[in-house]
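The values are calculated or read from the model by the stated rules, or taken from the named source; none is laboratory data. Bear in mind that the values here come from a model prediction, so they are computed numbers and not experimental data. In this analysis, Cβ positions are derived from the backbone assuming ideal geometry, glycine residues included, and neighbour counts consider all displayed protein chains. Heads up: the accessible areas ignore ligands, DNA and RNA and are worked out on the full protein's heavy atoms, side chains in. Shrake-Rupley method; radii C 1.70, N 1.55, O 1.52, S 1.80 Å.
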Amino acid sequence: MKSSYEVIIQGGHVVLPHGIEKMDIGINEGVIVALEPQLIPGGDTMIYDATDLVVMPGAIDAHVHFNEPGLASWEGFETGSASLAVGGITTYIDMPLNGVPPTTTMRGWEMKEARAKGHSYVDYAFWGGLVQDNLEELAPLANAGAAGFKAFMSEPGGEGEEIFTRANDQTLIKGMERIAEIGGVLALHAESDEMTSALSYAKQSRGQVTARDYLDSRPPEAEIEAVQRALVYARQTGCPLHFVHISTRQAVELIQTAKIAGLDVTVETCPHYLVLSEEDVLELGAIAKCAPPLRTLTEQELLWEAIEQEQIDIIASDHSPCLPSMKETDNFFEIWGGIAGAQSTLLLMLDEGYVKRGIPLTTIARLLSANPAKRFGLAATKGEIQVGKDADLAIVDFNQGYVLNEQDIRYRHPQSPYLYRSFSCRIKGTFSRGILVYNDVTGLIEQKPGRFIPAGLRKTMASKGGDLYA
């Protein structure tokens, strides 16, 4: 047993891949080097007393929009990563939109990389994007370390010359063939543009522009049809698929059936589909608008059942902030669609999932940490509390809750549908590669030690059981 460690996290209830044990965690050079019932500190060892606290693997948010380069006024790496650190999230994968330019070319990639360097509290990776006419950019983006490629089956929105655009069916098929060749994964926003555009046009042409009208213009059938179509293309091309922000149980079951049949496919949902419903859209208004939209309480319960039955692989925030002015109009269709919620992801899952529903902490750790690390090529150093992996840890206090107030929110704009929500637990501290980047007494550290983590893109096969990989 080694007698000297740079950091020891002492006496916590540690959430390991297959159970919870009370133990010490020894850290050197940002890496976990020991997991023992008791470790002996040296004279210079930093001791973090985790007695009566739970130590979770730091969450990995595989779906955030920090909007750089170009739109830091919406969020930016500094404030976005600050909110994650405060929320116990230690790694994120930034989406290729809504930056200007989007990350669909090496030019956009290099600009994003330059903006992030030295401005992030926690580690990060990037998504590339698949749009019309960028097939030749996919391999260079993969070689630069892209975690995968994002595409939209419906119009993503935005204005100007350099915006992210929808991938039509021809682009999807050609792109999926290319991604299969280079060993990548395609992340899909699955909503039928034909259906949503037609319904949206019909509503607005009749002057029906309320929140209820918006909800009705993006029905569950739009998601289900797009998922069915994408699964056909995946079978034809051999492209690994990841469906982002799935909001309906029927879509989850289609994906699960395809997985059991041998297709390399995974599914993500978001906390807002698990704790909010269309009733919240009608009550809260613009702050709760997203696409796909929030669903019924019945659908929400069915998604929780899917989690309990291990049919959902990943939980991610789809943090999509904007300027407050973009949420201010009487036409609900014109409001920017996106929920700002990344800071609350881990706590929402712990509060609603573990405390209220009894979902095991090991399951929550898989959904938020291990599975995204494995799926997107980060598992060599991230995702689990294991010797040899980065000391990315969230210290959770289940003995003391709190109410989320405006001064607690670290986004650039303190907008959140979870404002004034009571949580039964709180984040006491967040370690990123062994550095205590946040604690609930002194707040965030001054330096921003987050690093770019190149993803290890490779051909993978999702297992046929509940776990992501065999």
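For Val86, the requirement of being in contact with a Phe, Trp or Tyr (Cβ under 7 Å, 6 or more places away or on another chain), among the hydrophobic types (A, V, I, L, M, F, W, C) and touching a residue at least 60 places away in the same chain (Cβ under 8 Å) is met.
If I ask for residues that are open to solvent by 30 Å² or more (accessible area, probe 1.4 Å) and in contact (Cβ under 8 Å) with a residue 24 or more places away in the chain, which ones from region 19-39 would you list? First the steps, then the outcome.
At the first step, the residues of region 19-39 found to be open to solvent by 30 Å² or more (accessible area, probe 1.4 Å) are 20-22, 29, 31, 33, 35-38.
Across region 19-39, the qualifying residues are Ile20, Glu29, Val31, Val33, Leu35, Glu36.
Take Cys239 and tell me if it is within 25 Å of Ala72 (Cβ to Cβ) and either open to solvent by less than 30 Å² (accessible area, probe 1.4 Å) or touching a helix residue (DSSP H, G or I) at 6+ places or on another chain (Cβ under 8 Å) (or both).
Numbers: within 25 Å of Ala72 (Cβ to Cβ): no; either open to solvent by less than 30 Å² (accessible area, probe 1.4 Å) or touching a helix residue (DSSP H, G or I) at 6+ places or on another chain (Cβ under 8 Å) (or both): yes.
When the stated conditions are applied, Cys239 does not pass them.
Here Ala139 meets the list (1) touching a helix residue (DSSP H, G or I) at 6+ places or on another chain (Cβ under 6 Å); (2) open to solvent by 10 Å² or more (accessible area, probe 1.4 Å); (3) in a loop (DSSP other than H, G, I, E, B) almost entirely, failing just condition (3).
Looking at Asp44, Asp61, just one residue is assigned to a loop (DSSP other than H, G, I, E, B), in contact (Cβ under 8 Å) with a residue 24 or more places away in the chain and charged (D, E, K, R), and that residue is Asp44.
With the condition kept exactly as written, say whether any residue in region 284-297 is at pLDDT 95 or above, closer than 17 Å to Met153 by Cβ and among the hydroxyl-bearing types (Ser, Thr, Tyr). So far as region 284-297 goes, no, none of its residues is at pLDDT 95 or above, closer than 17 Å to Met153 by Cβ and among the hydroxyl-bearing types (Ser, Thr, Tyr).
Results for (1) more than 21 Å from the chain's Cα centre (by Cα); (2) among the charged types (D, E, K, R), shown as yes or no for each residue.
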site	(1), (2)
Leu241	no, no
Gln256	no, no
Asp264	no, yes
Cys270	no, no
Leu284	yes, no
Thr298	yes, no
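Each row is one residue, and each column tells you yes or no for (1) open to solvent by 10 Å² or more (accessible area, probe 1.4 Å); (2) assigned to a loop (DSSP other than H, G, I, E, B); (3) over 19 Å from Glu334 (Cβ atoms); (4) touching a Ser or Thr at 6+ places or on another chain (Cβ under 9 Å).
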{"position": "Ala151", "(1), (2), (3), (4)": "no, no, yes, yes"}
{"position": "Glu155", "(1), (2), (3), (4)": "yes, yes, no, yes"}
{"position": "Glu177", "(1), (2), (3), (4)": "yes, no, yes, yes"}
{"position": "Leu188", "(1), (2), (3), (4)": "no, no, yes, no"}
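Looking only at region 145-200, count how many residues are in contact (Cβ under 8 Å) with a residue 60 or more places away in the chain, small (Gly, Ala, Ser) and touching a helix residue (DSSP H, G or I) at 6+ places or on another chain (Cβ under 6 Å). Residues flagged as in contact (Cβ under 8 Å) with a residue 60 or more places away in the chain, small (Gly, Ala, Ser) and touching a helix residue (DSSP H, G or I) at 6+ places or on another chain (Cβ under 6 Å) within region 145-200 amount to 5. For region 234-247, the condition of being touching an Asp or Glu at 6+ places or on another chain (Cβ under 8 Å), of a type in the set (Ser, Thr, Tyr) and on the phi < 0 side of the Ramachandran plot holds for at least one residue.
Being open to solvent by less than 50 Å² (accessible area, probe 1.4 Å), aromatic (Phe, Trp, Tyr) and over 24 Å from Asp123 (Cα atoms) narrows it down to one residue among Tyr418, Tyr411; which is it?
On the way: Tyr411 fails: over 24 Å from Asp123 (Cα atoms).
Matching residue, one of Tyr418, Tyr411: Tyr418.
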